[in-house]
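Here's the structure we're looking at; comments come further down.
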Amino acid sequence: MADCIFCKIAAGEVPSQKVYEDDSVIAFKDLSPQAPVHVLIVPKKHIRSAADFAAEDKELAAHIFVDVVPKLAADLGVTDAGFRLVLNTGDDGGQTVPHLHVHLLGGRKMTWPPG
Ligand code: 5GP
Ligand code: ZN
């Protein structure tokens, strides 16, 4: 999608610190890390938010959570200590980039509840 920063990163038009890529997903370090490990897992397809998942996205959603998350957690060394996944959705959910992305945060003890 034109003028979408994460579409541009997925297309290689904007640089990122990539940690993972396959045919349908890219993951890269967050520009403003909130933890020692903070990466964004992003479908290459432009889906605005988790509220916009369609039936055709089931395989993609499963791929992200079943395949990519455990692999990335292992690669980034946070499997045993634990980590947090965050999927901010819409304004009240704190979403600032309108292209669906899952934050994977780790490397420190997380607090709860979030602000
Ligand atoms: P949200 O608030 O939408 O859940 O998260 C958006 C995240 O994207 C923020 O943590 C922000 O730091 C990150 N971000 C925004 N623009 C860029 C960018 O151009 N490159 C990278 N690597 N991260 C970005
Ligand atoms: Zn996009």
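Listed values, structure above:
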quantity	calculated
Scan of the stretch 28-53 for residues that are closer than 19 Å to K109 by Cα and assigned to a loop (DSSP other than H, G, I, E, B), ordered by number	D30, S32, P33, Q34, A35, P36
Top-ranked residue of the stretch 54-83 - restricted to ones that are outside any helix (DSSP H, G or I) and within 16 Å of ligand 1 (Cβ to nearest atom), ranked as farthest from P98 (Cα to Cα)	L76
Out of V37, V86, sole residue that is in contact with a Leu (Cβ under 6 Å, 6 or more places away or on another chain) and away from ligand 2 (no atom under 14 Å from the Cβ)	V37
The stretch 99-110, residues that are open to solvent by less than 100 Å² (accessible area, probe 1.4 Å), more than 8 Å from ligand 1 (Cβ to nearest atom) and in a loop (DSSP other than H, G, I, E, B)	H99, L100, G107, M110
Matching residues in the stretch 1-21 - criterion: being more than 9 Å from ligand 1 (Cβ to nearest atom) and in contact (Cβ under 8 Å) with a residue 40 or more places away in the chain	M1, C4, C7, V19, Y20
Selection count, the stretch 6-27, where residues are assigned to a helix (DSSP H, G or I) and open to solvent by 40 Å² or more (accessible area, probe 1.4 Å)	1
Filter result (surrounded by fewer than 16 Cβ atoms within 10 Å (Cβ to Cβ) and either among the hydroxyl-bearing types (S, T, Y) or within 19 Å of C4 (Cβ to Cβ) (or both)) within the stretch 62-90	T79, L87, T89, G90
Residue check for G93: open to solvent by less than 50 Å² (accessible area, probe 1.4 Å), modelled with pLDDT of 95 or more and not acidic (D, E)	yes
Any hit, the stretch 96-108, residues being more than 19 Å from I26 (Cα to Cα) and modelled with pLDDT of 95 or more	yes
Any hit, the stretch 29-49, residues being more than 26 Å from G115 (Cβ to Cβ), open to solvent by less than 50 Å² (accessible area, probe 1.4 Å) and more than 11 Å from ligand 1 (Cβ to nearest atom)	yes
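The values are calculated or read from the model by the stated rules, or taken from the named source; none is laboratory data. For clarity, every value in this text was computed on a predicted model and none was experimentally measured. For neighbour counting, all protein chains shown are included, and Cβ atoms are generated from backbone atoms with ideal geometry for every residue, glycine included. Please note that ligands, DNA and RNA were not included when accessible areas were found on the heavy atoms of the full protein model with its side chains. Shrake-Rupley method; radii C 1.70, N 1.55, O 1.52, S 1.80 Å.
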